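Encoded as structure tokens, the structure appears first; notes follow it.
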Amino acid sequence: MTLTLRSKYLAVFLSFWLVSCTEVPKDLLRQQAISAEGTVAGAISQTSQLLAVSSLTSGIVIWDTNTSKAKFRLSHGDPTQNLVTHLVFSADGKYLLSADPANAALWDMQDGKNLGFWAMQSGVTIRDIAVSDFGRHLLIGQSDGKIQHITLKSGRRLEFQGHSENINAVAISPNGRYALTGSSDLHSYFWDTDSAQILQSISHPNRVTRVALDPQGRFLFSADSLQQAQIIELKTGRLLSRLQLDRGRVFSTARFSSDGKWLLTGSPSQRVTIWNVQTGQKVKDWTVSPSPYAKPPGAVVYDVALLNNGQVLTLSSSGLAEYWEFKP
């Protein structure tokens, strides 16, 4: 199917979806159908120009939000049997790192060219991934508690072994020099990728499920599977704030706004929230549209970003990119 025909099909799908909705949230400005089938992973570039989605039978599709058209179609193998469950853009938006349980692949977003594949050892699966600016450094969190830091130019591999249980979340600084990793061992570590030295250790009462680094190097975010989610000031190492959570809140994504004022989070239960970084208070809360493929209806929020015009962009397993009005 050509991209033109696919775009027409998605337009029809979106029209049907909008008509079928019984109630449109008042803050929802518009929707864009990115996939006409259920998706298993998604990512928004830091500039919010590109979206990436992975579906079970169509591989990975890269969308340009400026043109509202598909730009590239990528695949680890047979796109009709796609197993890619992790997608992440570099902070500069020029590279995409993708991963299935056994392999990671790097892609150039200028031309869609593949720059390499990296295979895991037998019996080890990939749990989370991150990539630095210019695609220079890769970070791969594994099920055996180890983390691979790979420098592409030199081929150097550093294996961080500070964790004792499986890795659940990883993040990397734009220059690739620092990493933040969270594990089921109840700890997240901020560490130097040159020496593997731990610079800061954050303890949790439960397994760590989500971490995020501010691209400007001001803050880190670490959250566990139950009630503790905190923002730490990197320069001083002090606890800046704790998020004032509802019971049972779990995060599927998190990122800091470019101005450092807000933390944006998404959950597996359709919820998108903006938090005040300094106080940890909830500022705004939305519920994304449910997936028509989920029973009962629901959606996992894959990514969320604050745009330059003040709108919030969300990408979820519903196959929809949704734009929301945000007036702090």
With a probe of 1.4 Å, find how much accessible area the chain has per residue, and write the answer as a whole number in Å². 43
Treating the Cα atoms of the range 50-103 as identical point scatterers in vacuum, please give the log10 of the normalised Debye intensity I(q)/I(0) at q = 0.23, 0.24, 0.29, 0.31 Å⁻¹, two decimals. -0.87, -0.93, -1.18, -1.26
Can you give the calculated 222 nm mean residue ellipticity of the chain, where each DSSP H run of n ≥ 4 adds -39,500 (n - 2.57) and the sum is split over every residue, rounded to the nearest 500 deg cm²/dmol? -2000 deg cm²/dmol
Over 28 Å between Cα atoms: which of Lys71/Lys327; Lys94/Lys261; Lys69/Lys94; Lys113/Lys261 fall into that group? Lys71/Lys327; Lys113/Lys261
Cβ crowding within 10 Å averaged over residues, with 210-220, 76-86, 251-261 ranked highest first: 210-220, 251-261, 76-86
Report the net charge of residues surrounding Trp324, where surrounding means a beta-carbon distance below 11 angstrom and charges are Lys +1, Arg +1, Asp -1, Glu -1. 0
Environment charge at Ala223 (Cβ cut-off 9 Å; Lys +1, Arg +1, Asp -1, Glu -1): +1
Sequence-separation-based contact order of the chain, relative, with Cα cut under 8 Å and 6+ spacing, percent: 12
Among Ala196, Phe160, Val277, pick out the residue whose Cα is farthest towards the positive end of the charge dipole of the chain, where Lys and Arg carry +1 and Asp and Glu carry -1 on C-beta, about the Cα centre. Val277
Highest-first arrangement of 221-229, 290-298, 58-66, where packing means the average Cβ count within 10 Å: 221-229, 58-66, 290-298
What does the charge dipole of the range 250-328 about its Cα centre add up to, to the nearest 20 debye, if the Cβ of each Lys and Arg holds +1 and the Cβ of each Asp and Glu holds -1? 160
Accessible-area composition of the range 125-274, carbon plus sulfur, in percent [1.4 Å probe]: 44
Charge context of Arg156, other residues only, Cβ under 12 angstrom, K/R +1, D/E -1: +1
Computed over the range 223-272, the ratio Rg/Rh where both radii use C-alpha atoms and Rh is Kirkwood: 0.97
Accessible carbon and sulfur surface of the range 65-113 relative to its total accessible area, %, 1.4 Å: 49
Beta carbons within 10 angstrom, averaged per residue: use that to sort the peptides 315-326, 270-281, highest first. 315-326, 270-281
The range 83-241: Rg to Rh, with Rh as the Kirkwood radius over Cα pairs: 0.95
Rg/Rh for the chain, where both radii come from Cα atoms and Rh is the Kirkwood radius: 0.95
Debye log10 I(q)/I(0) at q = 0.20 Å⁻¹ for the range 29-169, Cα point scatterers: -1.21
For the range 203-328, report the translational diffusion coefficient in µm²/s to the nearest whole number, using Stokes-Einstein at 20 °C, 1.002 mPa s, and a Kirkwood Rh over Cα pairs. 145
FRET efficiency for Thr151 and Gln227, using Cβ-Cβ distance with R0 set to 30 Å, rounded to 0.05: 0.20
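The values are calculated or read from the model by the stated rules, or taken from the named source; none is laboratory data. Keep in mind the model is a prediction, meaning the values are calculated, not measured. Counting neighbours? That spans all protein chains shown, and the Cβs are built from the backbone with ideal geometry, glycine included. Note: areas computed on protein heavy atoms with side chains; ligands, DNA, RNA excluded. Shrake-Rupley method; radii C 1.70, N 1.55, O 1.52, S 1.80 Å.
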